[in-house]
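*Asks:* I have a structure I would like to understand better, so I am pasting it below and will then ask my questions one at a time.
The values are calculated or read from the model by the stated rules, or taken from the named source; none is laboratory data. Being a predicted model, the structure only gives us computed values, none of them experimental. Ideal geometry is used to build each Cβ from the backbone, glycine not excepted, and the neighbour counts take in all protein chains shown.
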Amino acid sequence: MPPMPRKSKVESERTRARILASALDLFAKKGYERTTFNDIAARLKMTKGAVYWHFESKERLLIALVDEMLDKFERQIAEIMPKSELTFSAVAETMVESAGLVVDDPKSRAFFMLMKTQIRWGSDSMRGVREALLTNSRFGPWHAFSQAVENDRAAGRARADADAAEAANMCVAAWDGMVQAKIDGFLRTDMRQTIAHVFDAVWNYIKA
């Protein structure tokens, strides 16, 4: 029997993308721990070996999925983040808009809830994924808020003793909680307006 022809790079990338999309849906619905490579393969009408050819373990698949979604969020935020010097008000406006992007996009919503509710981060199997997230040095919302407060402080718009890290923590925690509440159906107010009000409260706390 002649050997199977090698897949082209384009075909391989398409298959990899299909595996990641299927894994995200299954992880979000069944939970990461309960989903197997057999589940992913069966859904795509592939062999388990074909899935292993692209990802050597479920942990590596999850890390690849995290990387893919972080790339997506990074591109979205880069498109709406001000290109000039960051200020608290500009970053706050950007993050209000980004909350809507997460909630309105099914794939982003599924990934958000996967990270929040379907993974046991304390388990040993999550050690590699935790490290990949903790060592990720990409420019993200926390860094944006922190840098903005430092810029506002230097320009005299924020108090000299304003704690940039504390302000960033409050804003990111509020954003995270509001997005989850909206997805869960518990937020009965306008999400964007509510997040904006929280950011206004933080700004009133740190402004000069």
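*Asks:* In the set 102, 91, which member is assigned to a helix (DSSP H, G or I), of a type in the set (A, V, I, L, M), surrounded by 14 or more Cβ atoms within 10 Å (Cβ to Cβ) and within 16 Å of the chain's Cα centre (by Cα)?
*Replies:* The conditions single out 102.
*Asks:* Further, regarding this structure: For the range 1-46, give me each residue that is among the β-branched types (Val, Ile, Thr) and either modelled with pLDDT of 90 or more or surrounded by 16 or more Cβ atoms within 10 Å (Cβ to Cβ) (or both).
*Replies:* Once the filter is applied, which keeps residues that are among the β-branched types (Val, Ile, Thr) and either modelled with pLDDT of 90 or more or surrounded by 16 or more Cβ atoms within 10 Å (Cβ to Cβ) (or both), the range 1-46 yields 15, 19, 35, 36, 40.
*Asks:* For the subset of the range 156-208 comprising residues that are among the basic types (Lys, Arg) and touching a residue at least 40 places away in the same chain (Cβ under 8 Å), which member is surrounded by the most Cβ atoms within 10 Å (Cβ to Cβ)?
*Replies:* Applying the filter and picking the extreme gives 182.
*Asks:* Determine if the range 49-59 includes at least one residue that is under 19 Å from residue 113 (Cβ atoms), acidic (Asp, Glu) and surrounded by fewer than 16 Cβ atoms within 10 Å (Cβ to Cβ).
*Replies:* Taking every residue of the range 49-59 in turn, none turns out to be under 19 Å from residue 113 (Cβ atoms), acidic (Asp, Glu) and surrounded by fewer than 16 Cβ atoms within 10 Å (Cβ to Cβ).
*Asks:* Can I ask one more? Quick one: what pairs do we get from the range 27-45, first residue more than 13 Å from residue 62 (Cβ to Cβ), second of a type in the set (Val, Ile, Thr) and surrounded by 18 or more Cβ atoms within 10 Å (Cβ to Cβ), C-beta under 6 Å, 6+ apart or different chains?
*Replies:* Taking only residues 6 or more apart or on different chains, the pairs are 41/51.
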